[in-house]
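The structure under discussion appears below in the form of structure tokens.
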Amino acid sequence: MKKYMYNSFALLSLVFLLFSFCTFDNPKTPSWDVKINVPLTDRTYTVADLIEDESEIISLENGLIGFRFEGTTDTVRVGDQLAMPTVNGQFLYQMQDFEIPALVTAAQQYAFSQLTEEASTKNGSMDTISPFSFTDVNASYILDSDFRYAEIMFGKTILTMINRLSVPLENVIYKLYDPSAGEIVVVSEPIVFVAAHDSAETVVTLSEQAISNDFLWLMSGTSPGSEGETINVDQNETVDLRVSMSDVSVGSIQARLPHLDLKRRESLQLSDSIDIAEAAIRSGEMVLAVSNSFDLGARLEVTLEEIFQDMDAQPANLVFDLAPGESRTVTYDLKNHHIKLATAGNGSSQVLSVTIRMELLTEESELTRVESGDRVETEATIQDVVFDYLSGRLFEQHVPLSTDDLAFDLPDQLDDLQQAQIHDARLDIFLHSTIAMPFRTELRFDGFKNGRSESFDIRETVFAADGDGENVTPVSLTPENSNLLPFINLLPDRITTSGDVWVGDGATHGQVRYDDYVFANYRFDTSANLSWNEGTVHIDTSKIAIHPKDTNQDFDEEIEVNALDADVTEHLISAVFLARVKNHLPVGAGFAFYVAEDSTRLYTAPDLVLGPVAVKSAVTDDDGKVIQAVDEELALSVSPSEMELFHNSSANEKTLYVASDLLFAGTDGKPVLLFSSDFIQIQTLVKLDVRIKED
């Protein structure tokens with residue numbers, strides 16, 4: 001036991017002595033460096049990708065990229081534009097337009113005793129009568145007639161003389177005498193000879209002459225007497241005169257009249273913009289505005305000679321009555337009627353024939369009075385006529401086209417390139433029409449962008465379609481025959497179409513239907529033959545999350561993460577933004593990073609900007625096609641003061657927004673070709689060096 005205790009003591013003493021003769025540095029905490037990679041972008045931008053993403057982009061046969069925009073305008077139907085211009089005519093009917101039938105205006109007798117004294121002295125005896133003459137003998141007896149007065153415009157008055165004497169008369173004339181004026185109004189032609197107990201006629205022509213039943217017919221003439229023969233002398237024998245009007249037109253009249261009729265064939269002249277052979281009316285009307293100032297009723301019958309309810313029916317006919325002094329409007333519906341007209345010659349217009357029959361409803365038992373101002377006024381209007389079908393000729397019947405918006409959306413990347421210019425384009429338009437008549441069209445395309453606009457016009461004559469088929473007329477526009485390039489280089493964000501169609505050339509016979517239509521397919525092609533000034537294209541935006549402290553993030557020597565802890569970034573010793581760019585585009589570019597805590601100011605007021613650094617253009621052949629890509633590896637370091645951006649002293653998660661941009665160089669006005677094989681590949685990450693110490 002003592003031996004054991006001795007040995008232990010000796011060991012402790014030795015240890016103590018050893019430590020008492022040795023000195024040591026202060027102990028240090030272990031540490032190590034960790035490399036952290038934060039991936040941002042790994043993407044290849046190919047033109048082939050754009051073809052999949054943008055329906056407007058096409059790959060041409062030679063691999064060249066182009067933009068295509070296709071669509072169809074709204075269909076415009078002829079419809080209500082297949083119309084007849086309004087036709088109007090005014091017709092006036094006065095008393096002078098009515099033909100007066102045979103109307104006796106005077107009936108009177110001249111006694112034998114008024115012509116020669118021998119008729120009185122030898123009255124009742126069988127004796128001879130010597131030759132005699134008589135001058136301006138007034139009638140001994142005037143019969144009451146149906147006539148009071150008339151203002152004769154033109155016409156003839158028939159004087160019928162009946163010689164009831166036993167002796168002949170020669171060279172008989174009649175004079176119409178106005179006793180109030182004391183003058184002779186008219187003198188008849190002489191009746192050369194009238195045998196005993198025979199009759200004869202003479203005619204008096206009157207023009208713009210007023211007569212009344214107060215006027216006197218004075219008779220003059222001679223007689224050879226009984227020429228030695230013995231006759232029964234009777235002083236009461238008479239010469240009778242009957243005066244009647246025939247085919248006379250009067251301005252005013254008072255008489256006992258039969259129904260007065262007139263029949264007129266009027267015409268309504270059509271517009272010279274239309275020449276109808278046959279047509280079916282879809283809608284329309286004839287409007288008659290009629291005013292009757294006669295103190296008589298009237299019956300009107302209006303017939304449209306070339307308009308039929310159907311092609312085999314009688315012409316359209318309208319009958320109506322007018323009361324004395326009445327004005328009224330009468331409408332006749334032309335729906336489902338047909339027109340058939342003779343084609344007009346060159347330089348002339350067609351007319352619609354209108355037959356108007358009018359009857360003044362007189363009472364024959366009463367005296368009728370008509371004044372010179374009495375009239376029936378008729379205004380005929382054929383209006384709002386729209387055809388279902390028309391065969392004939394039209395001279396530029398106007399059909400307006402509505403304003404349409406077209407789908408047109410160039411890739412957004414073109415907006416990012418300053419003053420991007422397209423150097424080649426083509427517009428193919430296919431005009432579809434069922435109009436069996438030639439027409440010309442004027443289409444206008446307007447493009448709009450940021451308050452600016454460009455436009456171009458298409459003027460084309462389209463041939464008539466065949467029968468019930470559809471005619472398709474192609475129209476092609478290129479930079480050589482249009483304003484296409486200034487239009488497309490506006491890079492419009494809105495395009496409208498408008499215009500007009502004028503149907504018919506005035507010479508070609510054809511057909512147009514209500515349901516005929518016009519529309520257009522359009523195809524806008526342009527190759528990616530571009531030039532531009534320097535411009536920026538935004539590639540991608542990424543986020544780096546930095547968690548608050550004490551989240552116990554573990555690290556190996558080199559890791560890849562999408563988020564960081566503040567405990568880690570607090571020990572950041574270096575930060576480098578790396579980019580690997582493979583450029584297969586025919587232009588160079590600059591590459592830059594933008595970092596900000598607020599995404600809204602990423603490009604306006606970023607917290608950190610790195611770059612830009614140059615990226616060379618790919619190698620091209622003489623035609624401008626890329627034959628070899630260029631690989632670039634870029635490293636952009638963050639300064640120690642800028643690394644503060646990665647710290648997070650708050651209790652909340654912090655987000656850093658990182659954008660990578662390409663700043664394409666300009667082409668100096670030279671066009672550049674883009675092919676489907678062109679691309680640019682970009683890989684970016686942030687490489688952080690962090691020194692970790694163990695507590």
Can you confirm whether residue 328 is free of Cβ contacts under 8 Å to residues at least 40 places away in the same chain and in a strand (DSSP E or B)? yes
Residue tally, condition closer than 18 Å to residue 385 by Cβ and open to solvent by less than 80 Å² (accessible area, probe 1.4 Å), over the range 332-353: 12
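Working carefully through the options 165, 159, find the one that is in contact with a helix residue (DSSP H, G or I) (Cβ under 9 Å, 6 or more places away or on another chain), closer than 15 Å to residue 194 by Cβ, open to solvent by less than 20 Å² (accessible area, probe 1.4 Å) and not aromatic (Phe, Trp, Tyr). Step through it out loud before you land on a result.
Details: 159 fails: in contact with a helix residue (DSSP H, G or I) (Cβ under 9 Å, 6 or more places away or on another chain).
Only one candidate passes the filter, namely 165.
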Do you know which residues across the range 157-171 are part of a strand (DSSP E or B) and either of a type outside the set (S, T, N, Q) or under 30 Å from residue 373 (Cα atoms) (or both)? 157, 158, 159, 161, 162, 169, 170
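Among the residues of the range 410-432, how many are modelled with pLDDT of 60 or more and open to solvent by 30 Å² or more (accessible area, probe 1.4 Å)? It would help to see each step written out before you state the result.
Going through the range 410-432, the residues modelled with pLDDT of 60 or more turn out to be 421-432.
Next, only the ones that are open to solvent by 30 Å² or more (accessible area, probe 1.4 Å) stay: 421, 423-424, 426, 430.
Selection size over the range 410-432: 5.
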Going by the structure shown, is residue 31 of a type outside the set (D, E, K, R), loosely packed, with under 13 Cβ neighbours inside 10 Å and at pLDDT below 70? yes
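Only one residue in 226, 249 is farther than 26 Å from residue 137 by Cα and of a type in the set (S, T, N, Q), so which one is that? So that I can check it myself, show each step before the final result.
Values: 226 fails: farther than 26 Å from residue 137 by Cα.
Every option except 249 fails the conditions.
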Within the range 172-194, residues being exposed (fewer than 12 other Cβ atoms within 10 Å of the Cβ), on the phi < 0 side of the Ramachandran plot and not in a strand (DSSP E or B) number 3
List the number of the failed condition for residue 251; all other conditions in (1) in a strand (DSSP E or B); (2) open to solvent by 10 Å² or more (accessible area, probe 1.4 Å) hold. (2)
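Taking the stated definitions as given, is residue 398 open to solvent by 50 Å² or more (accessible area, probe 1.4 Å) and farther than 30 Å from residue 296 by Cβ?
Values: open to solvent by 50 Å² or more (accessible area, probe 1.4 Å): yes; farther than 30 Å from residue 296 by Cβ: yes.
Yes: the conditions hold for residue 398.
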Which of the residues that make up the range 499-529 are open to solvent by 30 Å² or more (accessible area, probe 1.4 Å) and under 16 Å from the mean Cα position of the chain (by Cα)? 500, 502, 514, 515, 517, 519
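So, residue 580, is that one more than 24 Å from residue 549 (Cβ to Cβ) and over 56 Å from the mean Cα position of the chain (by Cα) or not? Break it down into steps so the answer makes sense when it comes.
Working: more than 24 Å from residue 549 (Cβ to Cβ): yes; over 56 Å from the mean Cα position of the chain (by Cα): yes.
So residue 580 passes the test.
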Among the residues of the range 433-465 satisfying the criterion of being over 17 Å from residue 518 (Cα atoms) and among the small types (Gly, Ala, Ser), which is surrounded by the most Cβ atoms within 10 Å (Cβ to Cβ)? 447
Matching residues, the range 266-304, being of a type in the set (Ser, Thr, Tyr) and over 17 Å from residue 334 (Cβ atoms): 267, 273, 291, 293
How about the range 123-156: which of its residues are buried (at least 18 other Cβ atoms within 10 Å of the Cβ) and assigned to a loop (DSSP other than H, G, I, E, B)? 129, 139, 145
Filtered residue count, the range 71-118, keeping only those that are surrounded by 15 or more Cβ atoms within 10 Å (Cβ to Cβ), touching a residue at least 40 places away in the same chain (Cβ under 8 Å) and farther than 22 Å from residue 434 by Cα: 26
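Here are 240, 214: which of them is part of a loop (DSSP other than H, G, I, E, B) and either aromatic (Phe, Trp, Tyr) or on the phi < 0 side of the Ramachandran plot (or both)?
Working: 240 fails: part of a loop (DSSP other than H, G, I, E, B).
Just one listed residue meets the conditions, 214.
Looking at the structure I just gave you, is residue 371 under 22 Å from residue 303 (Cβ atoms) and open to solvent by 20 Å² or more (accessible area, probe 1.4 Å)?
Details: under 22 Å from residue 303 (Cβ atoms): no; open to solvent by 20 Å² or more (accessible area, probe 1.4 Å): yes.
No, not satisfied.
Every residue, every condition in (1) touching a Cys at 6+ places or on another chain (Cβ under 8 Å); (2) small (Gly, Ala, Ser); (3) over 30 Å from residue 511 (Cα atoms), yes or no:
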| site | (1), (2), (3) |
| --- | --- |
| 291 | no, yes, yes |
| 299 | no, no, yes |
| 316 | no, yes, no |
| 322 | no, no, yes |
| 332 | no, no, no |
| 337 | no, no, no |
| 340 | no, no, no |
| 343 | no, no, no |
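Need at least 2 residues that are hydroxyl-bearing (Ser, Thr, Tyr) and touching a residue at least 60 places away in the same chain (Cβ under 8 Å) per element, so show me which strands (runs of 3 or more DSSP E) inside the range 445-540 make the cut, counting only ones lying wholly within it. It would help to see each step written out before you state the result.
Details: elements: 452-462, 471-477, 494-505, 510-513, 517-527, 529-531.
Those strands (runs of 3 or more DSSP E) span 494-505, 517-527.
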Subset of the range 272-300 (residues that are surrounded by 22 or more Cβ atoms within 10 Å (Cβ to Cβ) and either on the phi > 0 side of the Ramachandran plot or not in a strand (DSSP E or B) (or both)): 294, 296
Listed residues 268, 260; which is hydrophobic (A, V, I, L, M, F, W, C), within 59 Å of the chain's Cα centre (by Cα) and at pLDDT 85 or above? 268
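Just checking: which of the strands (runs of 3 or more DSSP E) contained wholly in the range 585-695 hold 3 or more residues that are open to solvent by less than 40 Å² (accessible area, probe 1.4 Å)?
On the way: elements: 589-596, 608-615, 626-628, 630-638, 654-664, 679-693.
Counting at least 3 such residues, we get 589-596, 608-615, 630-638, 654-664, 679-693.
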Does the range 510-517 include one or more residues that are modelled with pLDDT of 90 or more and of a type in the set (Lys, Arg)? yes
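State the number of residues belonging to the range 231-257 that are aliphatic (A, V, I, L, M), modelled with pLDDT of 90 or more and within 21 Å of residue 159 (Cβ to Cβ).
Residues of the range 231-257 aliphatic (A, V, I, L, M): 231, 233, 239, 241, 243, 245, 248, 250, 253, 255, 257.
Imposing the further condition that a residue be modelled with pLDDT of 90 or more reduces the set to 231, 233, 239, 241, 243.
Add one more test, that the residue is within 21 Å of residue 159 (Cβ to Cβ), and what stays is 239, 241, 243.
Residues meeting the conditions: 3.
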Considering only residues that are in contact with a Phe, Trp or Tyr (Cβ under 7 Å, 6 or more places away or on another chain) and in a strand (DSSP E or B), which ones fall in the range 105-122? 105, 106, 108, 109
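The values are calculated or read from the model by the stated rules, or taken from the named source; none is laboratory data. As the structure is a prediction and not an experimental result, all values here were calculated from the model. Because the Cβ atoms are built from the backbone with ideal geometry, glycine has one as well, and the counts that use them run over all protein chains shown. Surface accessibility is based on the protein's heavy atoms, side chains included, excluding ligands, DNA and RNA. Shrake-Rupley method; radii C 1.70, N 1.55, O 1.52, S 1.80 Å.
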